[in-house]
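Undergrad: I have a structure here, written as C-alpha cells, and I will follow up with some questions on it.
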Amino acid sequence: MASARIVDLLSQGQPGQTVVVRGWIRTARQLKEFTFVEVNDGSCLKGIQVVLGQELADYEMLAKQLDTGAAIAVEGQLVASPAKGQRVELQAASVEIVGGADPEQYPLQKKRHSFEFLRTIAHLRPRTNSLGAVMRVRNAAATAIHDFFQERGFLWVHTPIITASDCEGAGELFTVTNLDLDKLGQSQQAPDFEQDFFGKRAYLTVSGQLEAEIMGLGFSNVYTFGPTFRAENSNTSRHLAEFWMVEPETAFCDLGGDMDLAEAFLKFVFQRVSDRCSEDLEFFNQRIDSEVLNRAETILNNDFERVSYTDAIALLEKADRSFDYPVAWGIDLQSEHERYLAEEYFRKPLIVYDYPREIKALYMRLNDDQKTVAAMDVLAPGIGEIIGGSQREERLGVLKQRLAEANLPEENYWWYLDLWRYGSVPHAGFGLGFERLVQFITGMGNIRDVIPFPRTPQNAEF
Ligand code: 4AD
Ligand code: MG
C-alpha cells in the first residue's frame, strides 16, 4: 500500500480508515501495555501518534527498536484520538523497522539542540523541527514567487551561472576554472585563473540582472530565480557566499513602478506563506521570535513607507542615539542605520530611494540632479536590506560617459551598450535575496539556518 502523507491524515483522515505511514521516529514513550511513538515524514511540524499494543506480533522485540531516529513503516487503522491537540492517531496492526538508529550514537535527541550544533550535522538537520519548518516556508515562498509573477504575465527566464561580467562592479567574484588536477599535480604550476575557462576568464554570476535586462527588452516582463555567488568574506548573520535571488525586470517602467511592484510582491508572498504555513509560523512565533505573526500582520495591513535617501540621512542625523558608523550625506547605509529606520523609527518595512551615485552601481539611471541615481532598497525590520533595485540607465550617451568616468573600457560592455542603440526604453527591476526573505518571514536570526547547505567562508563541507 502507498504511504499516506501525515499532514493529510492529521487534517482529513477519518477514524476507521486503514492507512500505511512511513517516516522517522521523533519520540517513543513506553507505558506498561502500550508504546506511543511520534512518527514524522517531514510533511508537517508535529507527526502522527502511533499506538503499538501488546497484541502486536513480536511486540517485545519491536518495542526495543523503537528508537528516536529509526525509520519505520506502520500499517493500521486511524482512530479518534483522546489526546489533546490531535484529531486522529494510528492504531498499529503491523510495524516494520525499515532502518534502525542506535540510540547511543544518534546525535539528535529529544532535547533542543543549538543551531550552531545542528550546522555541524547538516546531513541530519532535515530531521529537526526548525529545519522542517524552514524548508516548508521556503517551498511555500518559492512557489508563491512563481505564482505572483506568472499571474502577472512575467516570463521566467533562465540566466547563466557562468559569466564574464561583474554586474555589481564590486569585484566580489569567484573564478571558474577548468583545472586539470592530474596535469596540475605533475607540473606543480599555479593555474592561470585569468584564462582558465577554455582560454578565457569566467566567473560565477553575482546577479542575473544584465541578462534579465536583455530578455526584458524583448519579452517586456521577465524574472529570474536562481543561485548567485558573492566572494565577500563577510561573516555576518545575513551574508552567504551562495544565495538564491529573484530578479524581475520590467520594460516601460520607472522607479515608482518598480517600488509598487516590490511592495505588491512582498505582500503577496507573505499572504501565501501565512495561508499555507500557519502551523510553522506559529512555531517560529513561539520558539524563535515573538514578532513573527505581528510582522506578517504589519506587512499585510500597511503601506510601506517611502523615504528619499536624503530624508533618511536627515532622520538618522536627528536620531536620539549614536551610531558606530558616523552618519553623513554620501555614506552607504550600514546595517545599524537600516535597522534603526525599519525597527525603531518606522517600525515597518520602508523603501529608501534616490541614493548618491558614488555608492551605487553604474547601470542605475542618473537623476536630473546629477548627484543621485534612481535606486531603491527595501529595508525590513530585523534584517535591513532585503531588496535592492533601480531604474536602469537606458541612455547610451549617459552610460558611455559614466563608463569613461569610471575608467572602464567600452569594449568590455559592447553588448550592453549595443542594447541601448536599438529600441531602448525606460525599464526597471530589483533583486530579492531569497534567504533574507525567509529570515524575515521566520524570524530566524542567522541566514545559515534558513538554507539547508549554507556556503560561507567557514562552511562548504556538505
Ligand atoms: O543589492 P544587490 O547587490 O542587487 C543586485 O544584485 C541587483 N543586480 C539586483 C537587481 O536590481 N536585479 O542584491 C540584491 C539582494 C540584496 O538586497 C540582498 O537581499 C541579497 O540580494 N543579497 C544577499 N543575500 C545573502 N547573502 C549575500 N551575500 C547577499 N548579497 C546580496
Ligand atoms: Mg544592495
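The values are calculated or read from the model by the stated rules, or taken from the named source; none is laboratory data. Since we're looking at a predicted model, the values are computed, not measured. All Cβ positions, even for glycine, are placed from backbone atoms using ideal geometry, and neighbour counts span all protein chains on display. To get the accessible areas, we keep the full protein, side chains included, count just its heavy atoms, and leave off ligands, DNA and RNA. Shrake-Rupley method; radii C 1.70, N 1.55, O 1.52, S 1.80 Å.
Undergrad: Relative to the first principal axis of the alpha-carbon coordinates of the chain, what is the inclination of helix 396-405, with its axis defined by its Cα atoms, in degrees from 0 to 90 and to the nearest 10?
TA: 90
Undergrad: Something else now. Considering only C-alpha atoms, what is the centroid distance from the stretch 366-386 to the stretch 1-76, in Å?
TA: A separation of 52 Å, based on Cα centres.
Undergrad: Still on this structure: Rounded to the nearest 0.05, what FRET efficiency do Ser278 and Ile331 give with R0 = 30 Å and r taken as the Cβ-Cβ distance? Could you check?
TA: Details: r = 41 Å, r/R0 = 1.36.
With R0 = 30 Å, the Cβ-Cβ based efficiency is 0.15.
Undergrad: Would you mind calculating the gained length between Val20 and Gln286 on full extension (0.36 nm times residue separation, minus the Cα-Cα distance), in nm to one decimal?
TA: Values: separation 266, 0.36 × 266 = 95.76 nm, distance 3.17 nm.
Here the answer is 92.6 nm.
Undergrad: Filter the chymotrypsin sites (Phe, Trp or Tyr not before Pro) in the stretch 211-304 down to the DSSP loop ones having no more than 14 other Cβ atoms within 10 Å, then list what survives.
TA: Details: sites: Phe219, Tyr223, Phe225, Phe229, Phe243, Trp244, Phe252, Phe265, Phe268, Phe270, Phe283, Phe284, Phe304; in loops: Phe252, Phe304.
Passing sites in the stretch 211-304 are Phe252.
Undergrad: If you take every residue apart from Glu172 with its C-beta less than 14 Å away from the C-beta of Glu172, what net charge results, scoring Lys and Arg +1 and Asp and Glu -1? Mind dumping the intermediate values first?
TA: On the way: positive: Arg230, Arg455; negative: Asp166, Glu168, Glu232, Glu242.
Here the count lands on -2.
Undergrad: Taking θ = phi - 60°, what integer Hz values does the Karplus form 6.51 cos²θ - 1.76 cosθ + 1.60 yield along the stretch 94-101, in sequence order, with x for Gly and Pro?
TA: After applying 6.51 cos²θ - 1.76 cosθ + 1.60, I find 8, 9, 10, 7, 7, x, x, 9 Hz.
Undergrad: Continuing with this model, one more query. Using R₀ = 25 Å, calculate the FRET efficiency as 1/(1 + (r/R₀)^6) where r is the Cβ-Cβ separation of Arg347 and Ala264; round to 0.05.
TA: Values: r = 21 Å, r/R0 = 0.84.
Once the sixth-power term is evaluated, E becomes 0.75.
Undergrad: Same structure again: Return the long-range amide H neighbours of Thr372 (sequence gap of 5 or more, or a different chain), with a cut-off of under 5 Å between placed amide H atoms.
TA: Under 5 Å from the amide H of Thr372: Arg357, Asn367.
Undergrad: Compute the Cα gyration tensor for the stretch 1-150, then decide on rounded, prolate or oblate, letting a ≥ b ≥ c be the square roots of its eigenvalues: rounded whenever a/c is under 1.5, prolate when a/b is larger than b/c in the other cases, and oblate in all that remain. Mind showing how you got there, number by number?
TA: On the way: a/c = 2.21, a/b = 1.29, b/c = 1.72.
The shape class here is oblate.
Undergrad: Could you work out how far apart the two model spin labels at Lys318 and Phe252 are, taking each label as a point 7 Å from the Cα in the direction of the beta carbon, and quote it in nm?
TA: Those two pseudo-labels are separated by 4.0 nm.
Undergrad: Spelling out what I want: for every residue of the stretch 276-285, take phi, set θ = phi - 60°, compute 6.51 cos²θ - 1.76 cosθ + 1.60 (Karplus), and round to whole Hz; glycine and proline get x.
TA: 8, 10, 4, 5, 5, 5, 4, 4, 4, 4
Undergrad: Amide H to amide H under 5 Å from Ala70: which residues, 5+ apart in sequence or cross-chain, H placed 1.01 Å off N in plane?
TA: The answer is Ile25, Ala101.
Undergrad: Ignoring ligands, DNA and RNA, what percent of the 1.4 Å accessible area of the chain is carbon and sulfur?
TA: Working: 11040 of 22280 Å².
Roughly 50 percent, rounded to a whole number.
Undergrad: Given a 1.4 angstrom probe, what's the average accessible area per residue across the chain, in square angstrom? Could the numbers behind the result be given before it?
TA: On the way: 22280 Å² over 462 residues.
That works out to 48 Å² for each residue.
Undergrad: What shape does the stretch 219-303 have by the C-alpha gyration tensor, where a ≥ b ≥ c are the square roots of the eigenvalues, rounded means a/c under 1.5, and otherwise prolate means a/b greater than b/c and oblate the rest?
TA: Numbers: a/c = 2.20, a/b = 1.22, b/c = 1.80.
Because a/c hits 1.5 or more and a/b fails to exceed b/c, the stretch 219-303 counts as oblate.
Undergrad: Stick to Cα atoms and the Kirkwood definition of Rh, then tell me Rg/Rh for the stretch 287-336. Kindly include the intermediate steps, with their values, before the conclusion.
TA: Numbers: Rg = 14.7 Å, Rh = 13.4 Å.
Here the Rg-to-Rh quotient is 1.09.
Undergrad: With a/c under 1.5 counting as rounded, go ahead and sort the stretch 35-103 into rounded, prolate or oblate using the C-alpha gyration tensor (a ≥ b ≥ c being the square roots of the eigenvalues; past the cut-off, prolate if a/b is larger than b/c, else oblate).
TA: Details: a/c = 1.97, a/b = 1.23, b/c = 1.59.
Because a/c hits 1.5 or more and a/b fails to exceed b/c, the stretch 35-103 counts as oblate.
Undergrad: Over the stretch 6-106, what is the relative contact order in whole percent, taking alpha-carbon pairs under 8 Å and six or more residues apart? Show your work: numbers first, answer last.
TA: Numbers: 223 pairs, mean separation 31.0, N = 101.
Across the stretch 6-106, relative contact order equals 31 percent.
Undergrad: Asp368 to Ala164: extension gain in nm, 0.36 nm per residue of separation minus the Cα-Cα distance? Each step should come with its number before you reach the end.
TA: Values: separation 204, 0.36 × 204 = 73.44 nm, distance 3.17 nm.
That works out to 70.3 nm of additional length.
Undergrad: What is the list of residues in the stretch 53-70 whose amide nitrogen lies under 16 Å from a point 7 angstrom out from the Cα of Tyr106, following Cα to Cβ?
TA: 62-70
Undergrad: Could you work out the percent of alpha carbon pairs in the chain separated by over 36 Å, rounded to a whole number? Display every interim value, and only then the final one.
TA: On the way: 43875 of 106491 pairs.
So the portion of pairs separated by more than 36 Å is 41 percent.
Undergrad: What number, in percent, do you get for the relative contact order of the chain if the mean sequence gap of Cα pairs under 8 Å and at least 6 apart is divided by its residue count?
TA: Details: 846 pairs, mean separation 60.9, N = 462.
Worked out over the chain, it gives 13 percent.
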